[in-house]
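Every number in this text was worked out from the coordinates using simple rules, so none of it is lab data. The structure presented is a predicted model; accordingly, all values stated were derived computationally and were not measured. Positions of Cβ are backbone-derived with ideal geometry, glycine not excepted, and every protein chain shown enters the neighbour counts.
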Amino acid sequence: MHSTQRSEGMNNVFKKTFRRKLGLSELLVECENVIVTLRSNEKDTDFQSRRKIPVCYIPNLPMLKTAAETYMRRMYSDFEEEFKKQFTLSCELLEGNGTNSTFFVKYMQSERGATVVLNKEDSTITCSCRMFECIGLLCKHALRVYNMNGVYNLPSQYILPR
């Protein structure tokens, strides 16, 4: 979820809940009610997510299985979409010196792409699109490089605590 989506979602909640002419005390009571409702909904979603593991796009694939078991449903859904998109990408080795390898990953019919650096010793990966740093989810570029280099398990450093 991007910050603009979160902001738009909260604006929508406030528009539906609040009237224009609320007194300060009424506004505070309404804010508290909205917060209680949002937290309750989040707890319900969290409970459902932990109770039922999502059905994997490709059964018995270790990376998807680990993601399904550890991510919340929405996060898993986003991860699975990135995972599917990796199959439309090409991966070219730019430089490989010892432990670090640099790849250029792009859509097959495009010149634009992302630069990905893989450390083969500890399976750490960085991508120029910075998706993991922004939202905590590995991008299609990183997943493509992992796939091309035989990394089939989701490294533990990329499973962030909730």
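Close amide H pairs (under 5 Å, H built 1.01 Å from N) link LEU137 with PHE132, residues at least 5 positions away or on another chain. Selection among THR88, SER101, LEU137 by position relative to the dipole of the range 62-158 gives THR88 as farthest towards the positive end (Cβ unit charges, Cα centre). In this structure, the residue pairs whose Cα-Cα separation is over 27 Å, taken from LYS21/LYS43; LYS15/LYS140; LYS43/LYS85; LYS15/LYS43; LYS43/LYS84; LYS65/LYS120, are LYS21/LYS43; LYS15/LYS140; LYS43/LYS85; LYS43/LYS84. Across the range 66-140, the convex hull enclosing all Cα atoms gives 96 Å³ per residue. When ARG130, ARG112 are sorted by how many other C-beta atoms sit within 10 angstrom of their C-beta, beginning with the fewest, the order is ARG112, ARG130.
Convex hull volume per residue, computed on the Cα atoms of the range 23-157, equals 145 Å³.
From least to most packed, judged by other beta carbons within 10 angstrom and beginning with the fewest, THR70, THR88 follow the order THR88, THR70. Computed about its Cα centre, the charge dipole of the range 25-162 is approximately 440 debye, with only Lys, Arg, Asp and Glu carrying charge at their Cβ.
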